[in-house]
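Written below as structure tokens is the structure these notes are about.
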């Protein structure tokens, strides 16, 4: 019996000593030249309730790295490992990057989204408890991946022509106050607003500024549908009280403060006086209408003295036929 036990023990130890199959890696050294693949953090709403959101994000093609529920004490589900790409951004762009699934981390937030009513489109609010769970999550992600505040975005930022989430009810300002989102400096906005009140920039200016900040927008120079849609996406984030997508003074000031936070202020436009013909005074009621002024004669133009023309001597008549011609006197002799 002792011999059998000893044999089994030796076999077991020999099995444990068998090296594992496959390549072996030595992690002694770590390269200095490396960075996270994640450059952007994108926030979404699910437009579904909690259970439907879980089903959609786990059993269908769409996915996200995190899902934040709307429970009284929100639960944060980690659905995709951060080292992998989740399918949440779709056809998207920001600055010089496109197809952001491969360079972003996505957070889905359980929220009903919007519905159209007789009084217009109504967006669902976000409970403060949910925001209180999102802010630490965002801080943890951007700290570990060194994501810049101007790259903490909504789906409507990276795909404005087809997406509205997380919508104008999402309190971006709270994230900005926590240092997680880039926000226009209020003093800078106040300094440039009087300039734009004198003259609002043209549509081409708005398109250039939106593209400079990061939005994908065609530079058409026209207030077309795509320009209004991108303007509305910008307003949903930075000025949610009015998201009509119309260029106005406040939107211009916000764009200028974001894209030119410390440079020279825009020049003050010079007002060009409008030409208006002078109208004759109108008679007051009950007063006689004065007769029109008589036409004034045109004063004569003084004549200039004309130099006299010299008289031409008359040509003598030709001699009659057969008349003799006087002889020319002989020349004096030469000496």
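The values are calculated or read from the model by the stated rules, or taken from the named source; none is laboratory data. Every value quoted in this text rests on a predicted model; they were computed, and no experiment measured them. Don't worry about glycine lacking a Cβ; one is built from the backbone with ideal geometry, like all the others, and counts go over all protein chains shown.
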Of these, 170, 206, which one is modelled with pLDDT of 95 or more and in a helix (DSSP H, G or I)?
206
Looking at region 113-162 only, could you name the residues that are in a helix (DSSP H, G or I), surrounded by fewer than 20 Cβ atoms within 10 Å (Cβ to Cβ) and touching a helix residue (DSSP H, G or I) at 6+ places or on another chain (Cβ under 7 Å)?
131, 135
Among residues of region 180-203, those that are in contact with a helix residue (DSSP H, G or I) (Cβ under 7 Å, 6 or more places away or on another chain) and outside any helix (DSSP H, G or I), counted:
8
Which listed residue is surrounded by fewer than 10 Cβ atoms within 10 Å (Cβ to Cβ), at pLDDT below 85, part of a helix (DSSP H, G or I) and not assigned by TED's automatic domain parsing to the domain that holds residue 139, from 3, 18
3
Could you please let me know if residue 267 is in a loop (DSSP other than H, G, I, E, B), modelled with pLDDT under 95 and more than 21 Å from residue 44 (Cβ to Cβ)?
yes
Are any of the residues in region 69-79 out of contact with any helix residue (DSSP H, G or I) (no Cβ under 9 Å at 6 or more places or on another chain), assigned to a strand (DSSP E or B) and either closer than 20 Å to residue 103 by Cα or at pLDDT below 95 (or both)?
yes
Residues (assigned to a loop (DSSP other than H, G, I, E, B) and surrounded by fewer than 16 Cβ atoms within 10 Å (Cβ to Cβ)) located in region 98-111:
99
Sole residue being on the phi < 0 side of the Ramachandran plot and surrounded by fewer than 19 Cβ atoms within 10 Å (Cβ to Cβ), chosen from 235, 207, 198:
198
